[in-house]
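Only one structure is covered here, and it is reproduced in the block below.
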Amino acid sequence: MKETLSGVVTRVTGASYIVETADGLKVRCRTVPSTVSENEGANLVAVGDRVGFRLKVSETDMAEGVITRVEKRCTALVRRREVRRNRSKEKEQVIVANIDQLVLITSFDDPPFNSRLVDRYLVFAESEKLPLLIVVNKIDLDEDGMVEEDLEVYRQLDCNICLVSAEDGRGIEELRELLHDRMSAFSGHSGVGKSTIINLLVGREELRTAETSCKTGKGVHTTTSSAMFSLPGGGYVIDTPGIREFNLSGITRENLRFYYTEFLRYMPECAFSSCSHTVEPGCAVIAAVESESIAPERYESYLALLDSLEE
Ligand SMILES: Nc1nc2c(ncn2[C@@H]2O[C@H](COP(=O)(O)OP(=O)(O)OP(=O)(O)O)[C@@H](O)[C@H]2O)c(=O)[nH]1
Ligand SMILES: [Mg+2]
Ligand SMILES: [Zn+2]
């Protein structure tokens, strides 16, 4: 019997999976009825999954294999779907597995920095227990050093911030270090420069390989499915469709307050233990906002998000 190799699933196209080994071997694999999964429910194989596979004799020049085992996922980002109480978890679709950090790409301008979007990602990252890295691209457009005004609020929170310009290369090495040896999910608004940054990080050569090794006829730029790219020196980045696509059903009007982490130290002082920090008397969070110990912008964003969540 052939030896079992192990690798990471870097692309899913229908029932065909590209698995990449640590030494860079790329193998097109399929599953078989005897494929064993250590995960319950959800889809059998997702981008980011660590799998065991065996090579088989192939007619084409590309190596082919059979996935024998799918390892237990540490994390999973799940596609948004209608929340129906009686549905079992089996219907969930995992967009990407084993991510260890979320990377929100924003831009200083064109499109302008959007702090409400940053707040949404902070809530989402907190609810998924994933660290968030905020990347601000296009700092070459910031001639007067205005970017720190946008970031003042976030400098006080527990998240990494990296200023870059894909145009002139500033900050790219620092970003590279923050991504080293990790599995990072990129998202952000259209036009902020995600593709440009990924191109810089992985090198054009790598992108072209991914393009030609996948016979869908679609380019990597029309990223509807998830594709993962290996970073030279270790680690992976994946261009995701963004939180609009993710399941946010874990965030409710009741638990939102726990995901604004700077509120936490004041909450025990609220007169009511179930305080929503909106209309209740004796609210310590509101008092902290009034004394600007909590940034008023963040509190306003909390109210706006609370409003947008269904009762
Ligand atoms: N000035 C400036 N322009 C940039 C920078 N990075 C990217 N751009 C430009 O911004 C535009 C959008 O870049 P993309 O990389 O396509 O953006 P994206 O986030 O992948 O957009 P979608 O694929 O639509 O989500 C392009 O015209 C880039 O040339 C930068 O650092 N500075
Ligand atoms: Mg793009
Ligand atoms: Zn309160």
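Using a basic spin-label model with each label point 7 Å from the Cα along Cα→Cβ, how many nm lie between GLU269 and ASP307?
Inter-label distance under the simple model: 2.7 nm.
Name the residues whose placed amide hydrogens come within less than 5 Å of the amide hydrogen of SER107, ignoring near sequence neighbours (fewer than 5 apart) on the same chain.
Long-range HN contacts for SER107: ASN114, ASN137.
If each of SER34 and GLU152 carries a label point 7 Å out from its Cα toward its Cβ, how far apart are those two points in nm?
Roughly 6.5 nm, to one decimal.
Could you go through the stretch 67-78 in sequence order and give the Karplus-derived ³J(HN,Hα) for each residue, using 6.51 cos²θ - 1.76 cosθ + 1.60 with θ = phi - 60°, rounded to whole Hz, and x for Gly and Pro?
6, 9, 8, 10, 6, 4, 7, 7, 9, 8, 9, 10
Taking a spot 7 Å from the Cα of ARG116 along the direction of its beta carbon, which residues of the stretch 267-311 have an amide N less than 20 Å from it?
What the label zone holds, given the 20 Å backbone N cut-off, is 278, 295-311.
Per residue of the stretch 250-261, what does 6.51 cos²θ - 1.76 cosθ + 1.60 with θ = phi - 60° give for ³J(HN,Hα)? Whole Hz please, x for Gly and Pro, Karplus curve as stated.
x, 9, 10, 4, 7, 9, 3, 4, 6, 9, 9, 4
Near the amide H of ALA63, under 5 Å away, which other amide H atoms are found, from residues 5 or more places off or on another chain, if H is placed in the peptide plane?
ARG28
Quick query: amide H of VAL96 versus all other amide H atoms, modeled in the peptide plane; which residues come in under 5 Å with a sequence gap of 5 or more or a different chain?
Excluding prolines and chain starts, which carry no amide H, the hits are LEU77.
What accessible area per residue comes out for the stretch 256-308, rounded to a whole number of Å², with a 1.4 Å probe? Walk me through the intermediate numbers first.
On the way: 2810 Å² over 53 residues.
On a per-residue basis, 53 Å².
Given the convex hull over the Cα atoms of the stretch 5-73, what projected area results after averaging over all orientations, in nm²?
Working: hull surface 18.1 nm².
In nm², the orientation-averaged hull projection of the stretch 5-73 is 4.5.
Expressed in nm to one decimal, what extension gain is obtained for the pair LEU44 and THR196 from 0.36 nm per residue of sequence separation less their Cα-Cα distance? List each step's numbers first, then the result.
Details: separation 152, 0.36 × 152 = 54.72 nm, distance 3.17 nm.
Fully extending the segment from LEU44 to THR196 adds 51.6 nm.
Just the number please: accessible area per residue for the stretch 5-73, 1.4 Å probe, all protein chains included, in Å². Write down the numbers at each step before the final one.
Numbers: 3360 Å² over 69 residues.
Accessible area per residue: 49 Å².
Cβ under 11 Å from THR278's Cβ, THR278 left aside: what net charge do those residues give with Lys, Arg +1 and Asp, Glu -1? Don't jump to the answer; show the numbers that get you there.
Details: positive: ARG253, ARG257; negative: GLU280, ASP307.
With Lys, Arg at +1 and Asp, Glu at -1, the neighbours total 0.
Quick one: if you stick a label point 7 Å off each Cα along the C-beta vector at SER6 and ALA287, how many nm between them?
Going from the SER6 label point to the ALA287 one covers 5.3 nm.
Could you go through the stretch 149-158 in sequence order and give the Karplus-derived ³J(HN,Hα) for each residue, using 6.51 cos²θ - 1.76 cosθ + 1.60 with θ = phi - 60°, rounded to whole Hz, and x for Gly and Pro?
The phi angles translate into 5, 5, 8, 3, 4, 7, 4, 8, 9, 8 Hz.
The values are calculated or read from the model by the stated rules, or taken from the named source; none is laboratory data. Note that this is a predicted model, so its numbers are computed, not measured. All Cβ positions, even for glycine, are placed from backbone atoms using ideal geometry, and neighbour counts span all protein chains on display. When the accessible area is computed, the model is the full protein with side chains, heavy atoms only, and any ligands, DNA or RNA have been set aside. Shrake-Rupley method; radii C 1.70, N 1.55, O 1.52, S 1.80 Å.
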